[in-house]
1. Quick one: pull the percent of accessible area on the chain belonging to carbon and sulfur, 1.4 Å probe, ligands and nucleic acids left out.
2. Can you check what the net charge comes to around Ile90, using other residues whose Cβ is under 12 Å from the Cβ of Ile90 (Lys, Arg +1; Asp, Glu -1)?
3. Between helix 40-66 and the chain, what is the angle of the helix's C-alpha long axis to the longest principal axis, kept within 0 to 90° and rounded to the nearest 10?
4. Not counting ligands, DNA or RNA, and with a 1.4 Å probe, what is Lys74's accessible surface area in Å² rounded to the nearest 10?
5. Quick one: order Arg50, Arg72, Arg59 from most to least accessible surface, probe 1.4 Å.
6. On a 1.4 Å probe surface of the protein chains, which of Asp10, Asp18, Asp95, Asp138 comes out largest in accessible area, and what is the full order?
7. Could you point to the residue in His56, Ser106, Ala150 farthest towards the positive end of the range 56-161's charge dipole, with +1 and -1 charges on the Cβ of Lys/Arg and Asp/Glu respectively?
8. Rounded to the nearest 10 Å², what accessible area does Glu62 have for a 1.4 Å probe in the complete protein model?
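The values are calculated or read from the model by the stated rules, or taken from the named source; none is laboratory data. In this text, all values refer to a predicted model and were calculated from it rather than measured experimentally. Quick reminder, even Gly has a Cβ in these numbers, built from the backbone with ideal geometry, and neighbours come from all protein chains shown. The accessibility values were calculated without ligands, DNA or RNA, using every heavy atom of the protein model including side chains. Shrake-Rupley method; radii C 1.70, N 1.55, O 1.52, S 1.80 Å.
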Amino acid sequence: MATTPKPLDDLFHDMLKDVYYAEKQILKTLPKMAKAARSAELKKAFETHREETEGHVERLAEVFELIGKAPRGKTCDAILGIIEEGKAVIEDYGDSPAIDAGLVASAQAVEHYEMARYGTLKAWAQQLGHKEAVKLLDATLAEETKTEKALTQLGGPANAAAVAKAA
């Protein structure tokens, strides 16, 4: 029985495309952030998150499949802006002891954006009765939250190093 798509279905699909595009952009950016990082722990955190992000892209592809759509991205101006800010940090502070503090701040902006989007997608998937999609989106939301907490922990030493070396 064919029904007219509900506006929330369309909105869900639209945001899914937005996040899919964002994750692909993040995949391209994480190696640059890892390369710019000074601390071994921060480099490793970016490399680990790159591997996780590949999994996020795969999960999103599964969600597209569950709703009968092809996995496609749609330009996400928000993530492009956040990534541009991160590039500016690398350009402006690449030789500075503050680089790691700046990279942590940039990465946290990405994580907060993703957490907001995955939280919304999960809520909408619940509303629309996409039970399997809820599980997939929740798994990614949990990883993004864990990454954000790890960045907060790395931020302390990065901030202290920036201040100590600047003094």
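1. Numbers: 5000 of 9140 Å².
Carbon plus sulfur share of accessible area: 55 percent.
2. The answer is -2.
3. 10
4. Here the accessible area works out near 80 Å².
5. Values: Arg50 80, Arg72 150, Arg59 50 Å².
My answer, sorted largest first, is Arg72, Arg50, Arg59.
6. Working: Asp10 85, Asp18 20, Asp95 150, Asp138 65 Å².
So the residues, ranked largest to smallest area, are Asp95, Asp10, Asp138, Asp18.
7. It is His56, whose Cα lies furthest towards the positive end.
8. Answer for Glu62: close to 90 Å² accessible.
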